[in-house]
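Before any comments, here is the structure.
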């Protein structure tokens, strides 16, 4: 293996996140054995390499995050730049993405913008760390805005450490570079000394450290890290932040996690806490805790998630609302919350083998998360509403050149978080056992496992056909397991051109045989465009429908409608036809047959007996409009948008 000071690619195996975690379907495979190839996810990753990550590096530099470490490392006397004590994590998240992308794409023959950032940041972090291991630029150095450990509710020191640990693990695993891991462990050891069994019974106002500490334990085998994560999970809810701004629910501190019957409070904090608690439950073999977390997940999916998979329905506190409180135009659905949802869901899936959990992860991936990044990869949404009204303004000062997504934010948690998530998508695709391979996320990829190596060719999620070609078989017999999404009805399977009698069980198709190189499995998932309604308790969307094809939710933008989108009534939806004029972003659009039904008057509350049910439209009064995939909206011009369209 390379030395600790080497940043070249390692000679040994690259380990994925949760490398030791295993469940009914095996252990996750990482970047050394899963490569995204053609297709949507592979395209996102190439965009991340070419555009998003270099853009993030430039923005992190411009924002002053590295200067904040420099003022400590070199005692420059400069003031702290920025307003937030968690700005350090902008650098940590970007470093995590950089480690993945450098391992995947760099030859180390010449310097790059990303490599220069990586080397400078590692050097500054090493030099800025205090003698006792403490590291937080907001709380260190002359004139620091805050004092160490003085405000656990909003100080974010432990949250910062969590992202530092994850960046350090990525560097060690992907590049064989242990310099950041040395920094992270020194800080983590200080935390164990301060907050361990014999220390202060406190915890961070923003969960995240819990999952990071479990992963640090998995990498090092040092049990105190796992114990500290367990302590942080168990202590939360003791009322430590009862007097803090926004109230204890904001910090997931109003009740012990074990006592909750529904996710509540700040959405990102809640799902990060749940992800860490899931890791603790797996390592401790705590089936009762795991069952409870799965029940919380199921309740969240049923009652507090948007059709896009987004979570958080209140701008106030960036929080979950009540059950079925899911307003479209006021959806917060923060991009970071989408990432946290997928992180929690992946952990639950690995632990339980539940295909239904992955169905929701996929819903978030292709909708609620994907909308947060522009088509060119350099502009972002912080929140992701499902409706934009014609006269919408977001009430915040904005650059007139950025009427929709923005190139960065003062509170920049989402853009670098999206960057790091896309960089590691391949780690969340496949699992292995000694005699089996499971394809969990359906995408074009090449996978090498202990039992089978395969190439997956597909244009999913745009097309429902997957062709899995066996490249090598090292176990006989071996089981190839493929997830069948819950929306897919009557899937068809052939092996070497012959129909297979295998039937999906609980969302999984299992094919067991002595495989030979060159054999092909073809899976066809019919992708019928469909209109879906919402639960009647979701008042905001009663009487409306959303268009969905496969896992992809669609929407109507004003640029594609000859009439105001608020007047549109949809009657049917189908595949694109010649009636929809071609144009940018319409390659995967659906065709909706709609009519116009404006309000009968300006009276906001007319008598119901005078309005009555509408007559069905004559065919001559309908027209066709394009419904674009929701994650592609706001890439052309500002205007109204709706996911949920009137149906009655």
For the stretch 82-92, how many residues are surrounded by fewer than 16 Cβ atoms within 10 Å (Cβ to Cβ) and either touching a helix residue (DSSP H, G or I) at 6+ places or on another chain (Cβ under 7 Å) or not in a loop (DSSP other than H, G, I, E, B) (or both)?
0
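Residue-wise test of (1) assigned to a loop (DSSP other than H, G, I, E, B); (2) in contact (Cβ under 8 Å) with a residue 12 or more places away in the chain; (3) closer than 30 Å to residue 243 by Cβ; (4) outside the structural domain of residue 205 (by TED's automatic domain parsing).
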{"residue": "94", "(1), (2), (3), (4)": "no, yes, no, no"}
{"residue": "98", "(1), (2), (3), (4)": "no, yes, no, no"}
{"residue": "114", "(1), (2), (3), (4)": "no, yes, no, no"}
{"residue": "143", "(1), (2), (3), (4)": "yes, yes, yes, no"}
{"residue": "150", "(1), (2), (3), (4)": "yes, no, yes, no"}
Any residue that is buried (at least 22 other Cβ atoms within 10 Å of the Cβ) and assigned to a helix (DSSP H, G or I) - is there at least one of those in the stretch 405-413?
no
Condition first: crowded, with 17+ Cβ neighbours inside 10 Å and free of Cβ contacts under 8 Å to residues at least 60 places away in the same chain. Now tell me which residues in the stretch 520-548 satisfy that.
521, 522, 523
Going through the stretch 490-512 one residue at a time, which ones are over 35 Å from the mean Cα position of the chain (by Cα) and over 19 Å from residue 458 (Cβ atoms)?
498, 499, 501
Considering every residue within the stretch 280-287, establish whether at least one is touching a strand residue (DSSP E or B) at 6+ places or on another chain (Cβ under 7 Å), surrounded by 16 or more Cβ atoms within 10 Å (Cβ to Cβ) and assigned by TED's automatic domain parsing to the domain that holds residue 332.
no
Conditions first: (1) touching a helix residue (DSSP H, G or I) at 6+ places or on another chain (Cβ under 7 Å); (2) surrounded by fewer than 24 Cβ atoms within 10 Å (Cβ to Cβ). Residue 161 passes all but one, so which condition is the exception?
(2)
Kindly establish whether residue 353 is within 21 Å of residue 275 (Cα to Cα), in contact with a strand residue (DSSP E or B) (Cβ under 7 Å, 6 or more places away or on another chain), at pLDDT 95 or above and not assigned by TED's automatic domain parsing to the domain that holds residue 632.
yes
Considering the stretch 482-494 alone, what residues qualify as being modelled with pLDDT of 95 or more and either in a loop (DSSP other than H, G, I, E, B) or more than 26 Å from residue 549 (Cα to Cα) (or both)?
484, 485, 486, 487, 488, 491
Of (1) farther than 26 Å from residue 358 by Cα; (2) in contact (Cβ under 8 Å) with a residue 12 or more places away in the chain, residue 35 fails just (1)
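Can you go through 423, 407, 449 and tell me which one is within 26 Å of the chain's Cα centre (by Cα), modelled with pLDDT of 95 or more, over 27 Å from residue 549 (Cβ atoms) and in the same structural domain as residue 334 (by TED's automatic domain parsing)? Full working, then the answer.
Values: 407 fails: modelled with pLDDT of 95 or more; 449 fails: in the same structural domain as residue 334 (by TED's automatic domain parsing).
Just one listed residue meets the conditions, 423.
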Would you say residue 308 is at pLDDT 95 or above, over 15 Å from residue 270 (Cα atoms), surrounded by 22 or more Cβ atoms within 10 Å (Cβ to Cβ) and within 19 Å of the chain's Cα centre (by Cα)?
yes
Working only within the stretch 440-455, note down all residues that are under 19 Å from residue 526 (Cβ atoms) and out of contact with any helix residue (DSSP H, G or I) (no Cβ under 7 Å at 6 or more places or on another chain).
442
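Residues are listed down the side, and each one gets a yes or a no for (1) modelled with pLDDT under 80; (2) surrounded by 12 or more Cβ atoms within 10 Å (Cβ to Cβ):
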{"residue": "564", "(1), (2)": "no, yes"}
{"residue": "572", "(1), (2)": "no, yes"}
{"residue": "577", "(1), (2)": "yes, no"}
{"residue": "581", "(1), (2)": "yes, no"}
{"residue": "587", "(1), (2)": "no, yes"}
{"residue": "595", "(1), (2)": "no, yes"}
{"residue": "598", "(1), (2)": "no, no"}
{"residue": "605", "(1), (2)": "no, no"}
{"residue": "609", "(1), (2)": "yes, no"}
Being closer than 18 Å to residue 492 by Cα and in a strand (DSSP E or B) is the filter here, so list the residues in the stretch 441-476 that pass it.
456, 457, 458, 465, 466, 467, 468, 469
So which of 30, 39, 26, 58 ends up being surrounded by 19 or more Cβ atoms within 10 Å (Cβ to Cβ) and more than 19 Å from the chain's Cα centre (by Cα)?
26
Quickly run through the stretch 631-648 and pick out the residues that are part of a loop (DSSP other than H, G, I, E, B) and farther than 13 Å from residue 592 by Cβ.
633, 634, 635, 636, 637, 638, 639, 640, 648
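The values are calculated or read from the model by the stated rules, or taken from the named source; none is laboratory data. Predicted model, so just to flag it, every value in this text is computed and none were measured. Positions of Cβ are generated from backbone atoms using ideal geometry, with glycine treated the same way; all protein chains shown enter the neighbour counts.
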